[in-house]
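These notes are about the structure you will find just below.
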Protein chains: 2
Amino acid sequence: MIIRLEQLNPIIGDINGNLTLIEEAIANAEADNVDLLVLPELVVCGYSPMDLIEHQSFLDTVYQANDRLKVNSRDTAVLFGTITPNNNATGRNCFNSALLVQNGYKIAEVHKTLLPTYDVYDELRYFEPNNTFECIEFKGTKIGITICEDIWHNFELPYVTYDVNPAKELVERGAEAIFNLSASPYTKDKPHKRQKMLQQHAQRLGVPIFYANQIGGNTELVSDGDSMTISSDAEVVGRAPLFDEAHIDFKWNPKADMLENVGPEPAEVSAEIAQMFNALRLGLQDYLDKTGIADDVVLGLSGGIDSALVAAIATEALGAENVVGITMPSKFSSEGSVTDSEQLAHNLGIELHEIAVKDLYDQFNVALDPLLKDSPFGVAEENLQPRIRGTLLMAYSNKFGNMLLNTGNKSELATGYCTLYGDMAGGLGVIADLYKLEVYEMAHWLNEEYYGEEVIPSAIINKPPSAELRPAQKDADSLPKYDILDLILEAYIEKRLSITEIADQGFDIDTVQEIVALVDRNEYKRFQAVPAIKVSDKAFGSGRRWPLVQRWTSSRN
Amino acid sequence: MIIRLEQLNPIIGDINGNLTLIEEAIANAEADNVDLLVLPELVVCGYSPMDLIEHQSFLDTVYQANDRLKVNSRDTAVLFGTITPNNNATGRNCFNSALLVQNGYKIAEVHKTLLPTYDVYDELRYFEPNNTFECIEFKGTKIGITICEDIWHNFELPYVTYDVNPAKELVERGAEAIFNLSASPYTKDKPHKRQKMLQQHAQRLGVPIFYANQIGGNTELVSDGDSMTISSDAEVVGRAPLFDEAHIDFKWNPKADMLENVGPEPAEVSAEIAQMFNALRLGLQDYLDKTGIADDVVLGLSGGIDSALVAAIATEALGAENVVGITMPSKFSSEGSVTDSEQLAHNLGIELHEIAVKDLYDQFNVALDPLLKDSPFGVAEENLQPRIRGTLLMAYSNKFGNMLLNTGNKSELATGYCTLYGDMAGGLGVIADLYKLEVYEMAHWLNEEYYGEEVIPSAIINKPPSAELRPAQKDADSLPKYDILDLILEAYIEKRLSITEIADQGFDIDTVQEIVALVDRNEYKRFQAVPAIKVSDKAFGSGRRWPLVQRWTSSRN
């Protein structure tokens, strides 16, 4: 039989639009005589619909769509992810399900067993878990159907250890292959990790695995696709590209133990920094496409590397004609602030405007003088400048409809080295989950590998990082050097190590204590931060739920 | 035996500070010859520690505290809420538990069964649920111990229907009373609902219920205490006051069927609007106390009712000497903007400053002129004013350390009738979960019942609501009247009704459609909103998880 894994890009809540995508895929599969078309998890409603699920009118629309897909099904069987009702007297209202439909009938309805509740996931908030296992008979073959987390069973998962392994349960009941429908978001190294996980399963269970994952950006999360088929001897038989709509086809004859790739050559997995770039590019693109709030963006260009990188990503995502930069020198700005930005804008081919901040800054000081009187220059005065810039950028955004891009990085956001309502403003945080060293790495990679020429000016890459909010200010005056800071941050935020454990890795314990305190103390800023595209295992945002008011920091060791 | 229910106010993560609170309560109970002291849920670590729980060093500290309480325990038995480790091979790392300790021994360890995952709750993210039931033998009596949600089993709960009723299981196993340890947040009408729920249990199960709830503000959530004892014939035998640290004592002889209040008279439950006021007052007080970021606050006084109400709440919470108002008239401000604010500040006894916004507004127009050119006055120009004000207020806050209070209400936040980085700025949203009509109701109640005189000037209460961002602007120009708007918002946000269902309640369907679209479209603003004190069943914030990018609105009916 011919099996097709299709990685679509559904939109959350857009049931009609998603039906159109799905029905096109079905029509193509029928034309190509595909026997079984496999679509991603929750493809009917997008992932994750979140509290839309608490609205019965939303659920009813999804159920109607399920019915339409069943009624219209023909010879090509379709296995798709959706929500189905829980008709039992107790539990949550619905299941995260896979439906198999063919020739107007529902052949199978399978519910997700392992419902993640760590990091960004809230699945036990919405879905009742499955706890029975049964194989599906399809064309004389027994197949086992699983959904996303079901296949990750205890493979490097944080915090929870599941007591049941759905794929194993199904193979023990005779499954000759495991199918998995996913809406799995990209994180660094995920394609490699995913392959390893699937190969381990195939090897242990002795059956092939067909894995179909969605692609697409949904605010914080960007799914990377990477659908693949693994043979029973753990070979990658075929693999779809990352971050692109695509399908891959396989000829499978379980009785003859034959599994063959009849689609394109397996896609190569690119280097990690390239994956990250593509995740950010698609995340930004889809944010604009799916909200429909703007085709164009605007951002402040400071002459620093963060805004330069965001400008480059935006240009690749949206086209140079849809990106506007604004340079806003103050009295503390270096000369390069403007000239380097001009060079960058020229190289990228984007429009650049200049607005001087000096007069506004002076006017604020005049207005505030009766209250602030002769107080010495301090944080209040420093913060005035980014807030004036934020106000100017938002005025441009409000006037012309360009969405303001936020250009803050994760190291800043972690330590609070950023100004609320100033440089923290914007519609989307493009690089907010990149540590400063990763910002450098991506800028270098862009020039050296992606562009093959110096598009991001070396003057921008090589200057010492500075917020330029007071004379001759450098990041290094307030923070440890980034090659120390970023490692401490990662150990604390992503590895969740204690201060002592981090210090034991070779860092000064006072520095570690200070950084950890900075991170915790600045939770109030992150509470009001922009939504940010996630590429790490632990991003700030919905996956890190930190009590805003807590005293753990002050007492910890 | 003498039983004491103690409502403490622990601080999240402050294990040492909480131990001090607990040990004081124990010493007092011992001095008063109490046999059993009952403390709230998670009193050792505060509720909710959220992702602190993913840090092993945090858990270890909690476990050490448990041990200390056990080792130091004497004749007075102590039943307290805490985290205990899950030593099984699978599941989550820990339990939400109640420990009963006496004379250096652990007499019982009970785990929470029903772990809520709706609204603000994420308990299955952190805790392994209990699924076995056993009574505890204490002084020859069998008692059943439950934790918070366990006792709410299917009593008007949203979304989930539990299949097990812990209190019933325990009574079936011989429990002669049910104890409940809670960290239950206040919502409107909760004290009444709670009493009804406890009475229903007592009646059905035929045993008394001892209910100990914490008090205190923890960012969004304010626990109201309201600890009480219900007799087996469903009488309220004793009740602690709302929003205050307190304890209540009972003499109980189960063999003689004797249950007697030996503490103060049962506290009266105040009117709902008074409860709400006290929740906001305590929420604000505790936010400052527990963060320690400021003793003082600053807020913009517009001459409107929202900022007037917040100023009054802040004055009652913190004292007049700790509240600073700033009036910032622009060219579109009515005369009352300043004079009414002056009258209010005078009545409250708070400091008031004035900063004119006009010159700054003109200067922004000069700076932006080359870009905005001859474009007509619009949203960009309107928004400049609140952003200038936000910048001025933050400058004051940064200079003097006063935390900026946000004064937006729920109707504004719902419809997006507010400006990001402008009037949406601040450290805490004091009335962000109050619909506009509730703002009026509380202002009237303050004057008429609380103060007994006109402290909030009638000129402020009676003027038509306006943002004053363009000439002669009124809220009613852009929004339906609040007595219609608020009802539609409540039906959509809190009751989760569909557009048709709302219209069926007697509203124009186009108006309903428009309002629902406004609510959904403005999710991006709320994503960056301040933390807000919750008093409703469904507040914006961590309890309402809405996909930022979704198209359900555009297709719905």
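Quick notes on this one:
- Residue pairs whose Cβ atoms lie under 9 Å apart, separated by 6 or more positions or on different chains, with the first residue in the stretch B:44-66 and in the same structural domain as B:Gly225 (by TED's automatic domain parsing) and the second open to solvent by 30 Å² or more (accessible area, probe 1.4 Å) and small (Gly, Ala, Ser), are B:Thr61/A:Ser555.
- For the residues B:Val366, B:Val324, the requirement of being within 10 Å of another protein chain (Cβ to nearest Cβ), β-branched (Val, Ile, Thr) and open to solvent by 50 Å² or more (accessible area, probe 1.4 Å) singles out B:Val366.
- Filter pass, A:Ser498 being out of contact with any Leu (no Cβ under 6 Å at 6 or more places or on another chain) and assigned by TED's automatic domain parsing to the domain that holds A:Leu348: no
- Qualifying residue in the stretch B:507-519 (condition: under 27 Å from the mean Cα position of the chain (by Cα), among the acidic types (Asp, Glu) and under 18 Å from B:Ala414 (Cβ atoms)): no
- Residue, nearest to the other protein chains (Cβ to nearest Cβ), within the stretch B:369-390, restricted to residues that are open to solvent by less than 10 Å² (accessible area, probe 1.4 Å) and among the aliphatic types (A, V, I, L, M): B:Ala380
- A:Leu348 being under 29 Å from A:Tyr524 (Cβ atoms) and either in the same structural domain as A:Leu280 (by TED's automatic domain parsing) or free of Cβ contacts under 8 Å to residues at least 60 places away in the same chain (or both): no
- Qualifying residues in the stretch A:60-91 (those that are modelled with pLDDT of 95 or more and facing another protein chain (nearest Cβ under 9 Å)) - the one nearest to A:Ala25 (Cα to Cα): A:Thr61
- Pair list, Cβ under 8 Å, 6 or more apart: the stretch A:519-536 residue open to solvent by 10 Å² or more (accessible area, probe 1.4 Å), other residue in a helix (DSSP H, G or I) and small (Gly, Ala, Ser): A:Asn522/A:Ala414
- Only a single item in (1) under 24 Å from A:Leu371 (Cα atoms); (2) under 27 Å from the mean Cα position of the chain (by Cα); (3) of a type in the set (A, V, I, L, M) is not met by B:Met328, and it is number (2).
- Residue in the stretch B:106-127 that is touching a Ser or Thr at 6+ places or on another chain (Cβ under 6 Å) and either among the basic types (Lys, Arg) or on the phi > 0 side of the Ramachandran plot (or both) present: yes
- Restricting attention to the stretch B:62-90 and to residues that are in contact with a Ser or Thr (Cβ under 8 Å, 6 or more places away or on another chain) and hydroxyl-bearing (Ser, Thr, Tyr), the residue that is nearest to B:Thr219 (Cα to Cα) turns out to be B:Thr82.
- Restricting attention to the stretch A:263-276 and to residues that are surrounded by fewer than 16 Cβ atoms within 10 Å (Cβ to Cβ) and of a type outside the set (A, V, I, L, M, F, W, C), the residue that is nearest to A:Gly216 (Cα to Cα) turns out to be A:Glu268.
- Annotation note: of A:Ala532, A:Ala503, the sole residue that is within 17 Å of A:Lys410 (Cβ to Cβ), of a type in the set (A, V, I, L, M) and more than 8 Å from chain B (Cβ to nearest Cβ) is A:Ala532.
- Selection status of B:Leu69, crowded, with 18+ Cβ neighbours inside 10 Å, more than 27 Å from the chain's Cα centre (by Cα) and in contact (Cβ under 8 Å) with a residue 12 or more places away in the chain: yes
- Exactly one residue out of A:Ser57, A:Ser48 is of a type in the set (S, T, N, Q), within 9 Å of chain B (Cβ to nearest Cβ) and surrounded by 22 or more Cβ atoms within 10 Å (Cβ to Cβ): that is A:Ser48.
- Identity of the residue in the stretch B:391-405, within 7 Å of chain A (Cβ to nearest Cβ) and open to solvent by less than 10 Å² (accessible area, probe 1.4 Å), that ends up nearest to B:Cys418 (Cα to Cα): B:Thr391
- Here B:Gly104 qualifies as of a type in the set (Gly, Ala, Ser), open to solvent by 10 Å² or more (accessible area, probe 1.4 Å) and in the same structural domain as B:Asn9 (by TED's automatic domain parsing).
- Only one entry in A:Ser498, A:Ser466 is more than 11 Å from every other protein chain (Cβ to nearest Cβ) and among the polar types (S, T, N, Q), namely A:Ser466.
- No other residue among B:Asn33, B:Asn28 is polar (S, T, N, Q), part of a loop (DSSP other than H, G, I, E, B) and surrounded by fewer than 23 Cβ atoms within 10 Å (Cβ to Cβ) apart from B:Asn33.
- Single match in B:Asp226, B:Asp244, B:Asp249 (criterion: among the acidic types (Asp, Glu), at negative phi and within 15 Å of the chain's Cα centre (by Cα)): B:Asp244
- Within the stretch A:265-281, the set of residues being in contact with a strand residue (DSSP E or B) (Cβ under 7 Å, 6 or more places away or on another chain) and farther than 30 Å from A:Thr407 by Cα comprises A:Pro266, A:Ala267.
- Residues (open to solvent by 60 Å² or more (accessible area, probe 1.4 Å) and of a type in the set (S, T, N, Q)) located in the stretch A:450-477: A:Asn462
- In the set (1) in contact with a strand residue (DSSP E or B) (Cβ under 7 Å, 6 or more places away or on another chain); (2) surrounded by fewer than 16 Cβ atoms within 10 Å (Cβ to Cβ); (3) touching a residue at least 60 places away in the same chain (Cβ under 8 Å), the condition left unmet by A:Glu260 is number (3).
- Against the criterion of being open to solvent by less than 30 Å² (accessible area, probe 1.4 Å), away from chain B (no Cβ under 14 Å) and farther than 30 Å from A:Asp51 by Cβ, A:Ile488 qualifies.
- Once the stretch A:118-156 is narrowed to residues that are among the hydrophobic types (A, V, I, L, M, F, W, C) and in contact with an Asp or Glu (Cβ under 8 Å, 6 or more places away or on another chain), the residue that is nearest to A:Thr76 (Cα to Cα) is A:Ile143.
- Taking the criterion of being of a type in the set (Gly, Ala, Ser), part of a loop (DSSP other than H, G, I, E, B) and touching a residue at least 24 places away in the same chain (Cβ under 8 Å), the residues of the stretch A:464-517 that qualify are A:Ser466, A:Ala467, A:Ser498.
The values are calculated or read from the model by the stated rules, or taken from the named source; none is laboratory data. Quantities reported herein were computed from a predicted structural model and do not represent experimental measurements. Methodologically, a virtual Cβ is constructed for each residue, glycine included, from the backbone with ideal geometry; neighbour enumeration extends over all protein chains shown. These area figures cover heavy atoms from the full protein model, side chains too; ligands, DNA and RNA do not enter into them. Shrake-Rupley method; radii C 1.70, N 1.55, O 1.52, S 1.80 Å.
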